[in-house]
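Undergrad: Pasting in a structure now, in structure tokens, and then I'll have a few things to ask.
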Amino acid sequence: MQAEVQEFEDPASGARHIHLANSDKEYVFLVAFPTVPDASDGRAHILEHLALCGSRRYPVRDPFFAMSRRSIAHFMNAMTYADKTVYPFASTDRTDFFNLLHVYLDAAFFPRLDYLDFLQEGWRLVLEGDQLSYQGIVFNEMKGAFADPVRALDAGIAAELLAGTTYAHESGGDPLHIPSLTHEALREFHRTHYHPSQAVFMTAGAIDPTEIQQVIDEHVLSQMHGKLPRLLPELAGQWPAPKSTRISIPGRDHGMQFAWLLGQSVDVNAHYEAILLDTGLLGNAAAPLANAMESAGFGRPSAMNGVDTGMRQLVFHLGMEGLQEDQVAQAREQIWRALERAAEEGVPRSVLEAGLRDHRFRQREIAAGSLPNSMRRLLRAIPYEMYGGDVMLGFDNEDVLRDLQQKIADPAWFKTLVRGLLDNPTRLDAEVLPDPDYFDKREQAERAQLEQRRTALTESEKQRLQREAEQLVERQRAPVNNDVLPRILPQDLDPTPHPVEAVRKDASGAAPIVIASNAVSYARVLYDLSDLPEQDWPWLQLYAEIVTELGVGSRTYLEADAWRHDKVPYFDMNVHVMQTQGDSRGLRIIADFYAKGLSEENAAIAEVLKDSVQGARFDELDRIAYLIDSNMQDLRDDLAENGDDYAKLAATAPLSPLRRYEQMVRGSAWLEFFHRLHGQSRDDQGLRRIAEKLAAMHRRITSAPGTVLAAGAEHDVRKLIEGVSLPSGTAPSQPSCGAPAAAPLANLALHAPAQVNHCFAAWPGPTLSHPDAPVLAVLGELMTNLVLHQSLREEGGAYGGHAAYSTDSNLFVMMSYRDPRLEETYEVFQDAIEWVLDSDIAREKVEEAIICVMQSLDRPRTPFEAVMWAWEQQERGITDEIRRSYRTGVLECTTERLKQAAADWLKDKPFSRAAFVGRSEQALAGLELLRLAELAG
């Protein structure tokens with residue numbers, strides 16, 4: 001990692017500071033507190049929200065969201081875990097970093113915890129006429145979260161296996177228990193948990209840690225005294241014998257789950273033994289337990305399978321889902337027999353070697369994603385510090401891996417691990433029961449609570465509720481003066497875009513790229529399918545989802561999966577779809593075979609890529625049928641969980657070729673396609689036709705124009721390209737045509753049982769080269785900051801709501817997420833347009849919206865992420881001139897331009913809309929009701 005870990009402790013308070021000193025210009029900070037609630041009332045989660053609603057030094061209504069538009073930080077958040085709460089941010093600007101440090105410290109240690117904020121963020125009673133209801137941002141957020149069947153199963157297991165600990169409670173809050181939380185209890189929770197003696201500060205980057213400590217000392221340690229005993233999550237007790245239980249979850253399939261309580265997660269021996277147990281039993285399709293479950297002839301492996309390292313104690317899960325009631329006992333027996341065989345026969349040493357290799361890879365890779373790389377490393381190390389372990393093991397575990405390397409040389413070692421699992425008496429045997437009325441029962445329980453409260457309300461209490469509601473609305477609508485908060489101005493930013501290195505092909509058509517990759521190599525084989533007919537889009541998606549699960553050459557799917565796992569830590573196949581910026585707005589469709597690994601394994605990376613592309617086979621019909629059936633079950637189970645995606649794609653598909661593609665391969669059209677496909681896979685003749693179609697798709701892909709792109713150290717990339725060396729077609733592929741003329745706009749309500757809604761509205765917009773594109777981007781941020789955040793989140797109780805100009809689809813979109821309302825939300829969308837046209841908009845607010853857009857433009861990227869971003873820009877036709885013009889348009893945006901763009905593109909213009917509705921009776925009059933469960937069969 002080329003870094004130094006520095007550990008500090010304040011002797012007076014016991015506050016700890018871990019600094020990861022490196023040359024990174026990305027400055028990262030977090031402060032974490034152990035939060036160990038003893039109830040499911042959401043106190044830790046609601047406190048996380050309230051801490052960001054104003055503090056002693058910054059007594060404004062919403063400093064966190066205000067700073068999100070006064071800072072160029074590319075990451076700002078707060079997260080509640082099962083046993084801790086973390087407040088992290090990251091910025092590449094030194095001034096901005098210290099601005100945020102002051103705000104975050106004051107928010108965490110000196111929040112106002114105002115009662116009205118508690119009503120807004122947590123929960124409150126709303127009396128309308130004679131009807132009583134609950135409202136609140138966290139309350140509605142968790143209603144949406146409970147749509148996930150896996151969450152319900154996890155909570156049911158934790159309540160039994162981890163009884164007597166904080167993990168037995170829902171840290172985010174159960175909506176049926178959240179209304180039991182009082183404001184006083186929340187304030188007391190802050191007093192006992194958010195103290196310097198409990199705090200762990202973590203930072204990373206090319207910054208002197210003593211400068212940070214001076215700020216912490218001045219603003220926190222010098223004002224908060226005393227030293228409280230450090231809080232730790234309780235340890236669950238061991239059992240003398242296994243226990244059984246039944247757990248109900250939303251859905252229609254039965255299941256079963258074993259869950260074992262293992263050692264502590266900061267015990268390195270217990271931790272890595274559990275991880276290697278996971279690798280050996282489940283690491284690939286040929287692994288003993290994975291194979292036993294997938295070849296059972298019924299059901300499929302549970303989504304929870306494997307080791308859970310996210311708590312103080314490790315939990316190991318094995319189970320099956322998608323069962324009929326009479327198959328539950330068979331599934332239990334199937335798993336147990338496979339465990340017994342594994343204890344007798346063990347697994348090949350190469351499987352465990354590959355598991356250790358994978359951990360080395362994850363430690364070495366400069367990882368991309370939503371989290372900054374250094375932030376990801378700090379979060380991985382937090383448990384070691386908070387649970388009393390050695391924090392260095394969170395950053396560097398090479399000594400442990402070397403010791404394990406020696407242990408796995410003895411075949412008896414892994415067998416002993418499996419035997420220990422079989423003999424472990426602290427095991428929960430759970431039968432998973434489908435409850436199609438799961439959400440209705442929760443609604444009934446909520447209504448019963450409310451009715452009890454309603455009948456007990458006195459006249460004075462009704463008046464109090466009315467008074468509090470008026471006070472809250474008055475507070476939410478009151479002008480806010482954010483002058484006390486620091487800010488970055490548009491003129492502080494570089495007016496020129498960050499340079500982009502072109503991805504150039506050599507004479508052979510390959511693209512070798514040298515990057516600082518920390519001795520990790522990347523290779524991709526990219527086939528251009530931009531002229532693929534629209535009717536084949538779903539078949540390409542099906543191909544992408546299952547080709548990596550099938551055999552290769554003479555290897556069966558079991559042998560192929562084991563071979564890949566033995567060779568490389570990562571292999572996948574994806575489809576990149578990009579909308580070009582020309583007048584046609586055509587699509588670039590790229591099939592992408594992708595492998596990466598340690599640079600010392602370049603030959604293996606090349607072998608896996610070459611063989612996987614050349615040797616893909618589609619004759620394992622039973623395997624194809626199993627994969628289709630498993631995917632169908634997942635689609636049905638996740639209808640509510642993915643409701644926002646279904647609504648977004650239904651609303652935007654008529655207006656954008658990119659979104660039309662995505663609607664056909666991920667939206668409601670995909671449900672219809674997959675339902676038909678699932679029916680076709682039920683007989684041999686239908687299966688053969690599917691296999692023939694997949695084989696034809698493979699031939700179509702591999703005959704298309706291809707490029708081998710390799711990135712890594714200079715001496716590695718040419719060898720990778722030579723090792724892959726695949727033939728491909730030469731005919732240039734033209735982008736597919738754009739949106740059909742006069743596509744009908746959507747006016748849909750998509751329904752699956754849930755407790756919240758997701759609302760979307762979309763307007764066609766210009767391409768990036770148009771002078772209005774940057775103005776619409778600023779307009780979206782302005783509407784979000786000044787209208788939608790207040791109306792949808794603060795007043796309406798939705799977990800989120802925003803407007804945005806999409807640079808990838810050239811649409812202007814407004815949306816709400818986990819929203820208790822529907823009709824009112826669409827009225828808010830229209831009100832936002834009127835507000836822009838009618839209001840006197842302060843220049844400061846325009847500048848804040850500009851800063852929000854610049855955050856995304858200047859987000860730092862990892863070395864390989866930067867390569868792929870540059871490649872994507874080229875494929876989409878986004879030139880340096882377009883990037884410069886767009887950036888200038890953002891930085892020079894004015895109120896007049898914003899109003900004109902709103903009038904030209906939004907005011908009284910036709911728009912497409914679709915909403916996911918959790919209860920069909922909520923659907924707006926005039927919306928066409930589409931029942932997702934019927935589409936999925």
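The values are calculated or read from the model by the stated rules, or taken from the named source; none is laboratory data. Quick caveat: nothing in here was measured; it's all calculated off a predicted structure. Because the Cβ atoms are built from the backbone with ideal geometry, glycine has one as well, and the counts that use them run over all protein chains shown.
Undergrad: Out of 75, 89, I need the residue that is over 28 Å from residue 155 (Cβ atoms) and surrounded by fewer than 24 Cβ atoms within 10 Å (Cβ to Cβ). Which one?
TA: Going through 75, 89 in turn, just one is over 28 Å from residue 155 (Cβ atoms) and surrounded by fewer than 24 Cβ atoms within 10 Å (Cβ to Cβ): 75.
Undergrad: Then there's this: If we keep just the residues of region 727-744 that are buried (at least 18 other Cβ atoms within 10 Å of the Cβ) and in a loop (DSSP other than H, G, I, E, B), which is modelled with the highest pLDDT?
TA: Checked region 727-744; the qualifying residue modelled with the highest pLDDT is 728.
Undergrad: On to the next question. Picking from 625, 591, which residue would you name as being in contact (Cβ under 8 Å) with a residue 60 or more places away in the chain and closer than 30 Å to residue 751 by Cβ?
TA: Going through 625, 591 in turn, just one is in contact (Cβ under 8 Å) with a residue 60 or more places away in the chain and closer than 30 Å to residue 751 by Cβ: 625.
Undergrad: Next question. Select from region 145-185 the residues that are over 29 Å from residue 314 (Cβ atoms) and among the small types (Gly, Ala, Ser) and write down the one among them that is surrounded by the most Cβ atoms within 10 Å (Cβ to Cβ).
TA: Once the filter is applied, the top-ranked residue is 180.
Undergrad: Can you name the strands (runs of 3 or more DSSP E) wholly within region 61-150 that have at least 1 residues being among the β-branched types (Val, Ile, Thr)?
TA: Correct list: 84-91, 124-128.
Undergrad: Name the strands (runs of 3 or more DSSP E) wholly inside region 462-581 in which the number of residues that are polar (S, T, N, Q) and under 27 Å from the mean Cα position of the chain (by Cα) is 1 or more.
TA: It comes to 520-528, 570-579.
Undergrad: Let me ask you something else. Show me the helices (runs of 4 or more DSSP H) found entirely inside region 356-427 where at least 2 residues are of a type in the set (Phe, Trp, Tyr).
TA: Correct list: 411-423.
Undergrad: Given the structure, is residue 841 of a type in the set (Val, Ile, Thr) and part of a loop (DSSP other than H, G, I, E, B)?
TA: It is true that residue 841 is of a type in the set (Val, Ile, Thr) and part of a loop (DSSP other than H, G, I, E, B).
Undergrad: To continue, here is another question. Any idea which of (1) within 14 Å of residue 421 (Cα to Cα); (2) among the polar types (S, T, N, Q); (3) part of a strand (DSSP E or B) is the one residue 238 doesn't satisfy?
TA: So residue 238 meets the others, but not (3).
Undergrad: Next question. From the list 23, 55, which one is among the small types (Gly, Ala, Ser), outside the structural domain of residue 361 (by TED's automatic domain parsing) and surrounded by 18 or more Cβ atoms within 10 Å (Cβ to Cβ)?
TA: On inspection, the qualifying residue turns out to be 55.
Undergrad: Which residue, of 113, 125, 105, is assigned by TED's automatic domain parsing to the domain that holds residue 171, touching a strand residue (DSSP E or B) at 6+ places or on another chain (Cβ under 7 Å), of a type in the set (A, V, I, L, M) and surrounded by fewer than 24 Cβ atoms within 10 Å (Cβ to Cβ)?
TA: Residue meeting the stated conditions: 125.
Undergrad: I'd like to verify a number: residues in region 101-131 that are over 23 Å from residue 446 (Cα atoms) and basic (Lys, Arg), how many?
TA: 1
Undergrad: Can you tell me which residues in region 786-812 are closer than 10 Å to residue 829 by Cα and β-branched (Val, Ile, Thr)?
TA: 787
Undergrad: To continue, here is another question. Based on this model, can you work out whether residue 504 counts as over 28 Å from residue 120 (Cβ atoms), out of contact with any His (no Cβ under 7 Å at 6 or more places or on another chain) and among the basic types (Lys, Arg)?
TA: yes
Undergrad: Is it the case that region 851-868 has a residue that's of a type in the set (Val, Ile, Thr) and without any contact (Cβ under 8 Å) to a residue 60 or more places away in the chain?
TA: Checking region 851-868: not a single residue is of a type in the set (Val, Ile, Thr) and without any contact (Cβ under 8 Å) to a residue 60 or more places away in the chain.
Undergrad: Given the condition within 28 Å of residue 489 (Cβ to Cβ) and modelled with pLDDT of 95 or more, answer yes or no: does some residue in region 908-916 qualify?
TA: Within region 908-916 (the criterion being within 28 Å of residue 489 (Cβ to Cβ) and modelled with pLDDT of 95 or more), the answer is no, since none of the residues qualifies.
Undergrad: Do you know which of the residues in region 756-774 that are out of contact with any Leu (no Cβ under 6 Å at 6 or more places or on another chain) and over 20 Å from residue 877 (Cα atoms) is surrounded by the most Cβ atoms within 10 Å (Cβ to Cβ)?
TA: 759
Undergrad: Please pick out the residue among 625, 647, 669, 651 that is in contact with a Cys (Cβ under 8 Å, 6 or more places away or on another chain) and either part of a helix (DSSP H, G or I) or closer than 26 Å to residue 911 by Cα (or both).
TA: 647
Undergrad: Quick check on region 674-693. Is at least one of its residues within 21 Å of residue 915 (Cβ to Cβ) and outside any loop (DSSP other than H, G, I, E, B)?
TA: No, the conditions are met nowhere in region 674-693.
Undergrad: Still on this model: How about region 613-622: which of its residues are surrounded by fewer than 22 Cβ atoms within 10 Å (Cβ to Cβ), touching a residue at least 40 places away in the same chain (Cβ under 8 Å) and part of a helix (DSSP H, G or I)?
TA: Of everything in region 613-622, those that are surrounded by fewer than 22 Cβ atoms within 10 Å (Cβ to Cβ), touching a residue at least 40 places away in the same chain (Cβ under 8 Å) and part of a helix (DSSP H, G or I) turn out to be 614, 621.
Undergrad: Examine region 512-526 for a residue that is closer than 16 Å to residue 699 by Cα and surrounded by 23 or more Cβ atoms within 10 Å (Cβ to Cβ), and state whether such a residue exists.
TA: Yes: region 512-526 contains one or more residues that are closer than 16 Å to residue 699 by Cα and surrounded by 23 or more Cβ atoms within 10 Å (Cβ to Cβ).
Undergrad: Which of the following residues is of a type outside the set (A, V, I, L, M, F, W, C), under 30 Å from residue 633 (Cβ atoms), part of a loop (DSSP other than H, G, I, E, B) and outside the structural domain of residue 424 (by TED's automatic domain parsing): 160, 170?
TA: Every option except 170 fails the conditions.
Undergrad: Here is a further query. Residue check: is residue 221 more than 30 Å from residue 322 (Cα to Cα), surrounded by fewer than 17 Cβ atoms within 10 Å (Cβ to Cβ) and either touching a Ser or Thr at 6+ places or on another chain (Cβ under 7 Å) or in the same structural domain as residue 395 (by TED's automatic domain parsing) (or both)?
TA: Answer is no for this residue.
Undergrad: Name the one entry in 21, 3 that is at pLDDT below 95 and more than 30 Å from residue 137 (Cα to Cα).
TA: One residue alone meets the criteria, 3.
Undergrad: Another question, then. Within region 543-561, is there a residue that is surrounded by 22 or more Cβ atoms within 10 Å (Cβ to Cβ) and more than 26 Å from residue 357 (Cα to Cα)?
TA: The answer is yes; a qualifying residue exists.
Undergrad: Report, by residue number, each residue of region 896-922 that is touching a helix residue (DSSP H, G or I) at 6+ places or on another chain (Cβ under 6 Å) and of a type in the set (S, T, N, Q).
TA: 912
Undergrad: Now for a different question. Residues being charged (D, E, K, R) and either assigned to a loop (DSSP other than H, G, I, E, B) or over 24 Å from residue 647 (Cβ atoms) (or both): count how many of those fall in region 806-838.
TA: Matching residues across region 806-838 total 3.
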